[in-house]
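Working notes, structure below.
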Amino acid sequence: MDQKRLLLAIAISVAILLGFQLMLPTPKPVPAPIAGAPAAPTPDTGTPTAPAAAGTAAPAPIAPASAKAVPRDVPRLPIAAPRLEGSISLLGARLDDLVLKGYRETVQPGSPLVRLLEPRSEKQPYYIQVGWSADDGVTAKLPDSDTLWTGSGVAGPGTTALLRWDNGAGLVFEIEVGVDADYMFTLRQRVRNTTGASVALHPWARIRRDYKPHTAGYYILHEGMLGVLDGRLKETTYDHAKSEGEKKGGVALEQTGPGGWIGFTDKYWLTALVPAQASVQTAAFRHISEAGSDRYQVDFVAKDAVAVPPGGMAETVTHAFAGAKEVHVLDRYESAYQVPSFDKAVDFGWFYFITKPFFYALDWLFGITGNFGIAILIFTLFIKGLFFPLANKSYRSMSKMKLLAPKMTALREQYKEEPQKLQQAMMEMYKTEKVNPASGCLPIVIQIPVFFSLYKVIFTTIEMRHAPFFGWIRDLSAVDPTNVFTLFGLLPYDPAMLPMFGHFLHLGAWPLVMGFTMWAQMRLNPPPPDPIQAKIFAWMPVLFTFMLASFPAGLVIYWAWNNTLTIGQQWLIMRQTKLDKPQAARV
């Protein structure tokens with residue numbers, strides 16, 4: 001029975017890591033669009049209908065855009081903020097040109113800055129837009145994607161850009177755009193009514209992505225549409241939005257309720273709309289197929305129309321986030337604007353209650369040490385201390401098992417023809433000596449939740465992106481760039497280009513260190529009594545070395561350091577056990 005438990009523990013440990021290997025293919029950098037890169041114009045040939053407000057007539061369609069190509073040379077207003085630069089198009093009043101000043105595409109010096117938003121005239125249109133729609137029967141002329149606004153000013157902290165358009169029939173529309181020192185835009189819409197009749201309009205806001213972005217395809221990382229509606233996180237991938245939209249007239253998800261937020265998430269970047277939290281909105285995730293191309297949109301529209309009295313004015317405010325998913329920044333916005341669960345834009349996963357505290361701990365240690373790699377080493381010491389009593393008991397049992405090896409050999413000789421009696425005798429010996437033969441796998445099993453949560457922190461939080469350690473590790477969130485199969489760069493070829501098994505032939509220096517420490521740790525463990533079990537244990541360091549080779553370098557460093565600490569702990573316990581029970585080695 002104990003042998004079965006031991007094999008089961010081994011199988012569970014290996015299966016979990018194999019599961020990670022299957023779910024998490026080797027990350028490959030995908031360059032973001034470069035600012036100003038030439039591309040063929042992409043027309044915006046249509047705009048979906050705004051969602052119907054419950055209990056009212058459906059608002060008219062958001063004004064359809066022209067099918068003609070959008071010119072690149074359009075009048076613009078600048079965005080000048082400490083962490084953002086870009087511009088607002090006066091054609092269609094789109095926030096469609098945005099670059100993140102603090103982030104580059106790669107770790108190489110001089111690499112282009114990350115571009116987040118891009119105009120409709122470029123290859124990958126991605127933009128934020130606000131406007132008004134009207135109920136059926138209302139004939140007011142409203143601005144659309146072909147409207148050319150006039151404007152002045154600069155969008156930045158303490159300054160605003162003002163866009164203005166007169167419909168020539170008594171309604172004047174204004175959009176005032178400001179941005180704070182980080183990534184939150186304030187979009188203030190106003191309608192001035194100079195006619196003699198009241199006008200009822202529905203304010204809306206949308207984020208439109210007129211292409212399907214490359215996604216890494218990781219099972220544990222969500223990329224696509226997301227939001228928090230009615231207090232619950234909603235997530236939809238691009239493929240699911242397309243399949244649902246094709247069945248439901250373009251609408252993948254629609255929900256009416258107060259406040260919340262919606263947007264698009266990439267691994268590290270986010271665009272999101274945050275309406276007034278007290279107002280009731282209908283939120284939607286959409287897929288639109290135009291000229292054989294996929295377009296994606298998230299939008300809010302006010303459930304109730306806003307009445308603009310004769311000679312009066314109506315105003316609505318929407319906030320739009322466009323930037324990096326920095327945890328502390330999201331936390332601050334969540335508090336300042338009462339945005340529900342805004343930090344869930346970072347995919348902390350099911351173990352949120354563990355993963356986010358792990359991030360805070362590592363970030364605090366980084367603030368002290370200035371190096372996330374060192375922070376991981378110190379954090380590992382803390383985790384070892386936390387599990388010290390449990391691990392101590394396990395290692396003491398393992399040490400006793402090693403001292404009992406001569407007794408087990410003698411019992412196997414004595415009962416080699418009577419396996420049932422051998423099993424009974426060994427069980428009695430384990431009971432008498434108070435040892436657990438499956439204790440060797442316990443240290444690995446108890447690491448799995450820590451391993452998973454730490455993986456999520458290193459892989460998903462932007463704070464770890466491009467974070468260097470020492471030497472050749474310039475990005476803890478990426479795999480070790482060295483490779484033993486190229487003699488660490490001496491051979492000028494890429495093993496990944498080899499057929500069939502080439503993608504397995506990447507084995508860096510840190511995975512080798514981790515494999516060696518695991519082998520050394522296994523050598524301190526008592527040999528399993530069964531020869532098959534012994535062979536499994538002997539090959540585990542090799543198996544784990546190749547599996548962890550495709551994991552982020554920060555996680556491999558954690559595992560290697562954890563093994564090293566375990567070796568020291570086991571060695572000390574073995575010495576103590578020999579002093580405490582020297583008679584255990586006698587038959």
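Results, tabulated for the structure shown:
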| quantity | calculated |
| --- | --- |
| One residue from Gly217, Gly257 being in contact with an Asp or Glu (Cβ under 9 Å, 6 or more places away or on another chain), in a loop (DSSP other than H, G, I, E, B) and not hydroxyl-bearing (Ser, Thr, Tyr) | Gly217 |
| Search result, residues across region 467-483 that are closer than 21 Å to Gly367 by Cα, out of contact with any Lys or Arg (no Cβ under 8 Å at 6 or more places or on another chain) and either among the β-branched types (Val, Ile, Thr) or buried (at least 16 other Cβ atoms within 10 Å of the Cβ) (or both) | Ala467, Phe469, Ile473, Arg474, Leu476 |
| Candidate set from region 104-120 (those that are touching a Lys or Arg at 6+ places or on another chain (Cβ under 8 Å) and buried (at least 17 other Cβ atoms within 10 Å of the Cβ)); member that is nearest to Tyr268 (Cα to Cα) | Val114 |
| Lone qualifier among Leu505, Leu512 - being over 29 Å from Gly349 (Cβ atoms), at pLDDT 90 or above and open to solvent by less than 70 Å² (accessible area, probe 1.4 Å) | Leu512 |
| In region 159-173, residue nearest to Thr186 (Cα to Cα) [restricted to those that are in a loop (DSSP other than H, G, I, E, B) and open to solvent by less than 60 Å² (accessible area, probe 1.4 Å)] | Asn167 |
| Meets criteria (open to solvent by 40 Å² or more (accessible area, probe 1.4 Å), among the aliphatic types (A, V, I, L, M) and within 17 Å of Met184 (Cβ to Cβ)) for Ala336 | yes |
| Thr564 being open to solvent by less than 70 Å² (accessible area, probe 1.4 Å), over 27 Å from Thr369 (Cα atoms), among the hydroxyl-bearing types (Ser, Thr, Tyr) and modelled with pLDDT of 80 or more | no |
| Lone qualifier among Val177, Val191 - being among the β-branched types (Val, Ile, Thr), surrounded by 21 or more Cβ atoms within 10 Å (Cβ to Cβ) and closer than 22 Å to Val280 by Cα | Val191 |
| Filter pass, Phe459 being at pLDDT 80 or above, part of a helix (DSSP H, G or I) and either in contact with a strand residue (DSSP E or B) (Cβ under 7 Å, 6 or more places away or on another chain) or surrounded by 14 or more Cβ atoms within 10 Å (Cβ to Cβ) (or both) | yes |
| Count - residues of region 141-158 that are over 21 Å from Ala276 (Cα atoms), open to solvent by 20 Å² or more (accessible area, probe 1.4 Å) and touching a residue at least 40 places away in the same chain (Cβ under 8 Å) | 9 |
| Among the candidates Trp261, Trp269, residue that is within 17 Å of Lys234 (Cβ to Cβ) and aromatic (Phe, Trp, Tyr) | Trp261 |
| Any chance Pro492 is in a loop (DSSP other than H, G, I, E, B), modelled with pLDDT of 75 or more, open to solvent by 10 Å² or more (accessible area, probe 1.4 Å) and more than 30 Å from Asn371 (Cα to Cα) | yes |
| Single unsatisfied condition, Pro203 versus (1) closer than 30 Å to Gly312 by Cβ; (2) touching a residue at least 60 places away in the same chain (Cβ under 8 Å); (3) not in a strand (DSSP E or B) | (3) |
| Filtered residue count, region 214-248, keeping only those that are open to solvent by 60 Å² or more (accessible area, probe 1.4 Å) and under 15 Å from the mean Cα position of the chain (by Cα) | 5 |
| Single residue of Pro48, Pro78 found to be assigned to a strand (DSSP E or B), open to solvent by less than 60 Å² (accessible area, probe 1.4 Å) and either modelled with pLDDT under 90 or farther than 30 Å from Asp304 by Cα (or both) | Pro78 |
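The values are calculated or read from the model by the stated rules, or taken from the named source; none is laboratory data. As the structure is a prediction and not an experimental result, all values here were calculated from the model. Note: ideal-geometry Cβ built from the backbone for every residue, glycine included; neighbour counts use all protein chains shown. These area figures cover heavy atoms from the full protein model, side chains too; ligands, DNA and RNA do not enter into them. Shrake-Rupley method; radii C 1.70, N 1.55, O 1.52, S 1.80 Å.
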